[in-house]
Amino acid sequence: MIGQLGIHLLFGLAVACTVHYALALRNGSTVQASIGRWLFRLMTGGLVVSAVGLTYLIVTHQFAYTYVWNYSSKELPLHLLIACFYSGQEGSILLWTLLVAAIGSVLQPYARRHGYESSVMLFYGLILSFLTLLLVAKNPFAYYHETFAASGITVEDIPVNGRGLNPLLHNAWITIHPPILFTGFASMSVSFAFAMAGLVRREYHRWIDIALPWTLFGTAVLGFGIMLGGFWAYETLGWGGFWGWDPVENSSLIPWLVVVALVHTMLVQKRTRGLVKTNMILAVVSFVMVLYSTFLTRSGVLGDTSVHSFVDPGKFAFWILLAFMVVFIVIGTGLVLFRRRDMNVSKEEFSPSTREFMLSIGASLTMASAVFVTIGTSWPVIMEVLGLPKVAVAVEFYNQIHQWLVPAVLLVNGVSLVVLWRSTSAERLRRGVIPALVVATCGSAVLFAFGIRSIWPLALGFAAWFSLAVNLREALRLVRSGPAMMGAYVSHTGIAMLMFGVICTSSYSTSYHAVLLHGLPKQVGPYTLTYLGKEQVERQFKDREKFRYYVRIVRDGKRRVVTPVLYWSDFNQRQSAFLEPGIAWGLMTDLYVSPKATGREDVFHSTVVMRGTTVTAPIDSAMRLTLERFTMPMEEGASADGRMQMAGLVKVSDAQGMPRGDLRLLTRITTGASGPMFDPVWQSLPGSTYAVGLVEIQRNNDDPTKSTGTLAFYDTAKPMPVGREEFTVEFSDKPLISLVWFGVIAMVAGFGLSIGRALSALKKKSAMVGSQNAPGTVA
Amino acid sequence: MIRKIIIVGSLISIPAIMYLAMQYGQPPSVSFAEAIDKTQHTSESDPASKVMVDVVITDASDLASIAATDNAGAGFSIQYTGTAPTSPLKTGMRARFVGHVHGGDTPIFHATQVLFP
């Protein structure tokens with residue numbers, strides 16, 4: 001009850017904070033600003049208490065709360081229990097709100113120092129008002145008995161254990177990836193709030209300097225969070241890639257692409273005082289795209305068009321999400337339109353041979369990517385509105401677009417660093433571009449020599465070499481000026497490295513399907529794989545029997561052992577397998593073993609027979625078997641241990657057609673996770689030492705009379721053969737995939753350097769401006 | 001100049017992208033047998049790909065188990081879990097269901113959308 005009331009109180013505090021900052025802005029009142037400040041601190045404190053409270057409820061297994069029951073269980077270790085905090089919609093909204101407030105706690109004194117407190121915190125408070133309203137709708141402190149009151153659940157009915165965390169999330173990455181991603185989302189609010197403040201105050205240039213470090217921070221953190229998700233997918237999901245263009249992935253990529261464009265256009269404005277309206281619009285769009293992406297992935301509108309699950313949040317939350325988005329679109333576009341004439345401060349045209357022109361083109365290409373990904377991600381919704389089949393676009397849609405866009409962005413990036421601000425001589429352009437073109441041509445020739453023949457990887461390779469050559473040259477030139485100057489070049493070098501990783505992995509990776517028999521080495525391409533055995537792990541979970549499979553990989557005498565995991569769980573009613581790949585990490589190549597299936601080696605003599613047909617027995621060419629029909633389960637009744645039974649009625653004859661006897665081959669059927677399993681009742685085959693059993697029935701759904709049965713035979717004079725355990729895998733090598741991860745690290749490091757540089761420049765500028773924007777200024 | 005480039009680029013690229021999305025965002029129209037085949041060729045850990053099946057409804061008294069016959073004449077059961085159909089489903093009606101097959105001994109078609117051709 002306290003928790004639920006607390007959430008309502010937080011909403012009230014957020015609204016009151018917004019109102020006080022609005023009054024402070026209108027009246028220039030320091031008292032109102034001071035009240036707003038304290039209300040903000042109180043709300044932030046309240047959010048911290050709520051978060052600590054929810055974590056406490058989860059860790060102490062308070063299943064009287066629906067959220068705790070729904071996402072946690074007693075078996076989970078502490079780090080996963082903490083991760084349960086944000087595993088559901090309610091908790092993740094609380095995390096997002098908490099992080100917005102936490103960033104606000106740093107932003108508030110920062111904005112105050114620059115004289116922007118009320119105008120920035122007004123919009124920031126409004127964002128928090130909507131977030132806390134969402135929390136009211138999706139309250140993580142709802143009681144179990146309240147949620148299921150309609151089902152007759154009472155206060156006394158407290159579950160003894162929770163439903164548990166989705167097994168796919170049982171991974172260390174869940175403790176890192178969502179908080180980083182939400183920090184990125186939360187920091188998108190800052191650029192928006194500054195842009196709105198700039199519009200309100202008619203300061204169309206100054207906000208750029210002040211907001212730039214925050215925008216860089218948001219871009220770095222969101223970018224890092226996105227690629228951590230990719231790394232998680234690569235390491236855990238077992239499909240071998242790190243990016244699948246899934247709506248959930250796209251929903252974080254779209255705002256990132258917009259904010260990348262914004263960072264570059266902010267730099268243009270900083271230098272040239274141009275692109276004023278563009279920056280306002282991009283700041284609005286970057287935040288609105290966070291809201292739109294949230295709406296797409298949390299409102300349930302995408303339904304079952306993704307591998308991620310989208311829970312319908314309920315009508316109230318749906319409308320709040322929609323209102324959240326619409327309100328900020330209206331505020332953002334409204335203010336931009338209202339001030340549009342005022343903002344026409346520079347009508348200067350950029351010459352094509354200038355850095356501002358090339359950066360604008362680069363930002364346009366990045367925005368084009370954002371728009372196209374938005375169209376693709378929204379496609380199921382567009383189709384539903386048009387009354388057409390609601391289906392997500394195929395991955396090839398995104399790949400086709402980006403095989404044009406990414407090389408273009410890399411080429412523009414390279415040229416933008418060669419040209420100068422304002423004007424560039426043809427001589428400088430030549431001196432800058434020609435060596436990079438030579439490097440790119442030679443680099444592409446190397447790729448060609450190493451077997452890349454497709455045009456698009458070659459084009460991407462050419463562009464990546466070009467960008468890398470220019471960025472490295474510029475970075476080396478600036479080494480003496482200190483690392484702070486190198487931020488952009490380090491980031492761009494990281495992106496070029498990432499692209500090389502993508503090219504190498506997609507062009508040189510070889511994949512093999514292999515069925516491994518226990519203890520038997522198998523040659524798979526240039527590698528020898530041996531399935532060594534399995535070990536049950538995580539026995540504390542009762543919903544699964546989880547096994548770790550040991551596979552040895554040998555090449556040129558070098559041995560590696562990987563441990564993929566494959567299991568079925570009650571969590572998804574055993575409808576599909578949970579699997580984790582085994583990866584032998586390497587700087588040059590990863591060896592990736594993705595488990596596919598387990599089973600037993602077929603060691604019997606067997607034959608397939610269809611109803612009404614006659615086959616020769618595989619153990620005696622003079623013996624014929626005719627399948628008359630299959631009996632139905634109701635004819636046979638259940639077996640002694642309760643299993644369903646069917647039988648194949650078989651006539652045995654010799655080569656001349658003389659009957660030898662009739663058999664009723666019973667088989668007991670268990671419906672397993674991977675389909676029906678058959679346990680035959682073995683019967684002696686007349687006139688031989690062999691036994692025969694019906695080991696499988698393959699039903700033909702189109703024509704049941706064409707259903708087939710598999711008959712297996714073994715010699716009863718010998719011990720019954722036992723097949724070895726089989727482990728089916730998809731084995732692949734991933735050359736230079738490490739470049740992807742190192743590229744991301746370099747990109748984030750570059751952003752870090754740029755933030756330092758932007759803050760230092762701002763400090764110098766503020767010192768020069770002096771007391772004009774001293775603390776205590778209300779606006 | 002940049003404005004012109006962006007306007008011309010948008011005028012050309014956005015319709016092109018919409019066309020491309022149409023090509024890649026359309027589920028294949030298949031028979032029930034082909035839908036089963038698609039499910040069987042999907043990895044155990046992946047969701048079955050979505051398809052459209054044109055049917056004649058033979059019994060729609062229960063949306064959780066609609067009896068239908070596809071164009072190839074095969075009878076099968078449809079479990080419908082989408083939003084309420086825009087017009088009530090009736091026996092003899094032609095409809096297009098979007099969804100995928102759940103395998104097993106007796107496969108059923110799990111539909112999440114129904115359209116009326």
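Summary of values
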| quantity | calculated |
| --- | --- |
| Check on residue B:38, at pLDDT below 85, more than 10 Å from chain A (Cβ to nearest Cβ), within 30 Å of residue A:729 (Cβ to Cβ) and crowded, with 16+ Cβ neighbours inside 10 Å | yes |
| Residue that is nearest to residue A:453 (Cα to Cα), among those in the stretch A:507-531 that are surrounded by 15 or more Cβ atoms within 10 Å (Cβ to Cβ) and hydrophobic (A, V, I, L, M, F, W, C) | A:524 |
| Test set (1) in contact with a helix residue (DSSP H, G or I) (Cβ under 6 Å, 6 or more places away or on another chain); (2) part of a helix (DSSP H, G or I); (3) within 13 Å of chain B (Cβ to nearest Cβ) - residue A:277 fails condition number | (1) |
| Every residue from the stretch B:82-92 that is surrounded by 14 or more Cβ atoms within 10 Å (Cβ to Cβ) and within 14 Å of chain A (Cβ to nearest Cβ) | B:82, B:85 |
| Residue within the stretch B:16-24 that is buried (at least 19 other Cβ atoms within 10 Å of the Cβ), in contact (Cβ under 8 Å) with a residue 24 or more places away in the chain and either within 11 Å of chain A (Cβ to nearest Cβ) or of a type outside the set (D, E, K, R) (or both) present | no |
| Test result for residue A:283, buried (at least 24 other Cβ atoms within 10 Å of the Cβ), on the phi < 0 side of the Ramachandran plot and not acidic (Asp, Glu) | yes |
| Whichever residue in the stretch A:630-656 is surrounded by fewer than 17 Cβ atoms within 10 Å (Cβ to Cβ) and among the aliphatic types (A, V, I, L, M) and, among such residues, is modelled with the highest pLDDT | A:649 |
| Complete set of residues in the stretch B:82-117 that are polar (S, T, N, Q), at pLDDT 80 or above and closer than 30 Å to residue A:707 by Cα | B:91, B:112 |
| Condition check for residue A:501: outside any helix (DSSP H, G or I) and farther than 18 Å from residue A:404 by Cβ | no |
| Any strands (runs of 3 or more DSSP E) falling wholly within the stretch A:589-653 and containing at least 3 residues that are within 50 Å of the chain's Cα centre (by Cα) and under 30 Å from residue A:509 (Cβ atoms) | A:589-600 |
| Among residues of the stretch B:57-69, those that are among the polar types (S, T, N, Q), more than 13 Å from every other protein chain (Cβ to nearest Cβ) and either under 26 Å from residue A:384 (Cβ atoms) or in a strand (DSSP E or B) (or both), counted | 2 |
| Among residues of the stretch A:344-356, those that are within 7 Å of another protein chain (Cβ to nearest Cβ) and surrounded by 20 or more Cβ atoms within 10 Å (Cβ to Cβ), counted | 1 |
| Meets criteria (more than 8 Å from chain B (Cβ to nearest Cβ), part of a helix (DSSP H, G or I), within 26 Å of residue A:458 (Cβ to Cβ) and over 20 Å from the mean Cα position of the chain (by Cα)) for residue A:410 | yes |
| Qualifying residue in the stretch A:725-737 (condition: surrounded by 13 or more Cβ atoms within 10 Å (Cβ to Cβ), among the hydrophobic types (A, V, I, L, M, F, W, C), touching a strand residue (DSSP E or B) at 6+ places or on another chain (Cβ under 8 Å) and in a loop (DSSP other than H, G, I, E, B)) | yes |
| Of the criteria (1) at the interface with chain B (Cβ under 9 Å from one of its Cβ atoms); (2) touching a Ser or Thr at 6+ places or on another chain (Cβ under 8 Å), which one residue A:375 fails | (2) |
| Members of the stretch A:556-576 that are assigned to a loop (DSSP other than H, G, I, E, B) and surrounded by 21 or more Cβ atoms within 10 Å (Cβ to Cβ) | A:564, A:568 |
| Any hit, the stretch B:97-105, residues being touching a Leu at 6+ places or on another chain (Cβ under 9 Å) and either in a strand (DSSP E or B) or under 23 Å from residue A:574 (Cβ atoms) (or both) | yes |
| Criterion (in contact (Cβ under 8 Å) with a residue 40 or more places away in the chain, assigned to a helix (DSSP H, G or I) and more than 13 Å from every other protein chain (Cβ to nearest Cβ)) met by exactly one of A:446, A:415, A:433 | A:415 |
| All positions within the stretch A:577-588 that are within 14 Å of chain B (Cβ to nearest Cβ) and not in a strand (DSSP E or B) | A:577, A:581 |
| Exclusive hit being at pLDDT 90 or above, within 14 Å of chain B (Cβ to nearest Cβ) and touching a Phe, Trp or Tyr at 6+ places or on another chain (Cβ under 9 Å), set A:696, A:730, A:726 | A:730 |
| Of the criteria (1) more than 26 Å from residue A:375 (Cα to Cα); (2) at pLDDT below 85; (3) within 12 Å of another protein chain (Cβ to nearest Cβ), which one residue B:32 fails | (2) |
| Checking residue B:72 against (1) closer than 18 Å to residue B:28 by Cβ; (2) under 16 Å from the mean Cα position of the chain (by Cα); (3) part of a loop (DSSP other than H, G, I, E, B), the condition it does not meet | (2) |
| Test for residue A:616: is it under 30 Å from residue A:524 (Cα atoms) and not hydrophobic (A, V, I, L, M, F, W, C) | no |
| Some residue of the stretch A:388-405 being basic (Lys, Arg), part of a helix (DSSP H, G or I) and either out of contact with any Phe, Trp or Tyr (no Cβ under 7 Å at 6 or more places or on another chain) or within 11 Å of chain B (Cβ to nearest Cβ) (or both) | no |
| Residue match in the stretch A:657-674 (condition: of a type in the set (A, V, I, L, M), surrounded by fewer than 16 Cβ atoms within 10 Å (Cβ to Cβ) and within 14 Å of another protein chain (Cβ to nearest Cβ)) | no |
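The values are calculated or read from the model by the stated rules, or taken from the named source; none is laboratory data. Values in this document were obtained by computation on a predicted structure and should not be read as measured data. Cβ coordinates were reconstructed from backbone atoms using ideal geometry, including for glycine residues, and neighbour counts include every protein chain displayed.
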